[in-house]
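Working notes, structure below.
The values are calculated or read from the model by the stated rules, or taken from the named source; none is laboratory data. Keep in mind that this is a model prediction, so the values were computed, not measured. Backbone-built Cβ (ideal geometry, glycine too); neighbour counts: all protein chains shown.
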Amino acid sequence: MNIVVLVKQVPDTYSERKLTDADHTLDRESADAVLDEINERAVEEALLIKEAQGGEVTVVCMGPDRATDAIRKALSMGADKAVHLSDEALHGTDAPATARALAKA
């Protein structure tokens, strides 16, 4: 069994956040980034399922190169594999486009 968990790197709640002047998306360089807390819990639950039933845990993340930090966090927690979907053309995509890209990955 392969348990797939979608993870996302998000701005740290305690860091300052601002938008870029160019396209009014989040200025990722201005904020500290962390693995989303809910996604971290999902990885923990997947690892519990793996322990009880066997298999492996794969994390999938879409984001810029910097998102590898979130992936590394999930791998350090015990995930077996990771897929990082990173393409500049995906910058600023809406929820449906993000869902389509992740589904294809």
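Which residues, counting only those in the range 63-83, are under 19 Å from ALA103 (Cβ atoms) and touching a helix residue (DSSP H, G or I) at 6+ places or on another chain (Cβ under 6 Å)? Within the range 63-83, just ALA82 meets the criteria. Scanning the range 7-38 for residues that are under 12 Å from ALA70 (Cβ atoms) and either β-branched (Val, Ile, Thr) or at pLDDT 95 or above (or both) yields a count of 3.
Note on the range 39-59: among residues that are within 19 Å of ALA103 (Cβ to Cβ) and in a helix (DSSP H, G or I), the one that is farthest from the chain's Cα centre (by Cα) is ALA46.
One residue is enough: does the range 80-99 have a residue meeting the conditions on the phi < 0 side of the Ramachandran plot, out of contact with any His (no Cβ under 8 Å at 6 or more places or on another chain), in a helix (DSSP H, G or I) and of a type in the set (Lys, Arg)? No, because not a single residue in the range 80-99 is on the phi < 0 side of the Ramachandran plot, out of contact with any His (no Cβ under 8 Å at 6 or more places or on another chain), in a helix (DSSP H, G or I) and of a type in the set (Lys, Arg). Just the residues that are over 14 Å from VAL4 (Cβ atoms) and outside any helix (DSSP H, G or I), please, taken from the range 60-75. Within the range 60-75, GLY63, PRO64 meet the criteria. The single condition from (1) on the phi > 0 side of the Ramachandran plot; (2) under 11 Å from the mean Cα position of the chain (by Cα) that ASP36 fails is (1).
Under the condition of being surrounded by 15 or more Cβ atoms within 10 Å (Cβ to Cβ) and in contact with a Cys (Cβ under 9 Å, 6 or more places away or on another chain), the residues counted in the range 54-101 number 8.
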